[in-house]
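Working notes, beginning with the structure itself.
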Amino acid sequence: MAGEGGSEDATTPTAIRQAGPRTLAIVWADGRESRYDVRELRLACGCAVCIDEWTGEGRLDPASVPADVHPIRIEPVGRYAIQVEWSDGHSSGIYPFRRLRELG
Ligand SMILES: [Zn+2]
């Protein structure tokens with residue numbers, strides 16, 4: 001077993017897949033797998049539309065996000081993040097791997 005933290009492996013995904021209708025799975029280079037409820041991921045969006053850039057407060061009303069929201073398309077952004085296009089029409093959300101690792 002490798003030591004905790006500091007390693008780039010912990011924030012480098014080797015696979016991103018839909019593990020079920022409601023679950024997204026990311027396998028990291030250090031061998032760990034993180035699983036996310038896709039709606040929780042949608043609610044955790046950190047973009048300027050969902051989070052007030054000045055106060056850091058959430059502007060997204062959870063009630064406005066459909067219960068069956070799911071990713072339509074997931075695209076890599078450079079080597080550090082993914083961009084998710086959601087079924088509710090929201091597509092400006094960028095999820096840095098570091099943040100995903102923390103959420104997982
Ligand atoms: Zn957003």
Of (1) open to solvent by 70 Å² or more (accessible area, probe 1.4 Å); (2) touching a helix residue (DSSP H, G or I) at 6+ places or on another chain (Cβ under 7 Å), I26 satisfies every one except (1)
For segment 56-66, the count of residues that are more than 14 Å from the ligand (Cβ to nearest atom) and open to solvent by 80 Å² or more (accessible area, probe 1.4 Å) equals 1
- Residue check, R17 among the basic types (K, R) and surrounded by 14 or more Cβ atoms within 10 Å (Cβ to Cβ): no
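Being more than 12 Å from the ligand (Cβ to nearest atom), touching a strand residue (DSSP E or B) at 6+ places or on another chain (Cβ under 6 Å) and open to solvent by less than 30 Å² (accessible area, probe 1.4 Å): is that true of I72 here?
no
Give me a count of the residues in segment 75-104 that are aliphatic (A, V, I, L, M) and open to solvent by 60 Å² or more (accessible area, probe 1.4 Å).
2
The values are calculated or read from the model by the stated rules, or taken from the named source; none is laboratory data. Owing to the predicted nature of the structure, the values given are computational and were not obtained by experimental measurement. Cβ coordinates were reconstructed from backbone atoms using ideal geometry, including for glycine residues, and neighbour counts include every protein chain displayed. When the accessible area is computed, the model is the full protein with side chains, heavy atoms only, and any ligands, DNA or RNA have been set aside. Shrake-Rupley method; radii C 1.70, N 1.55, O 1.52, S 1.80 Å.
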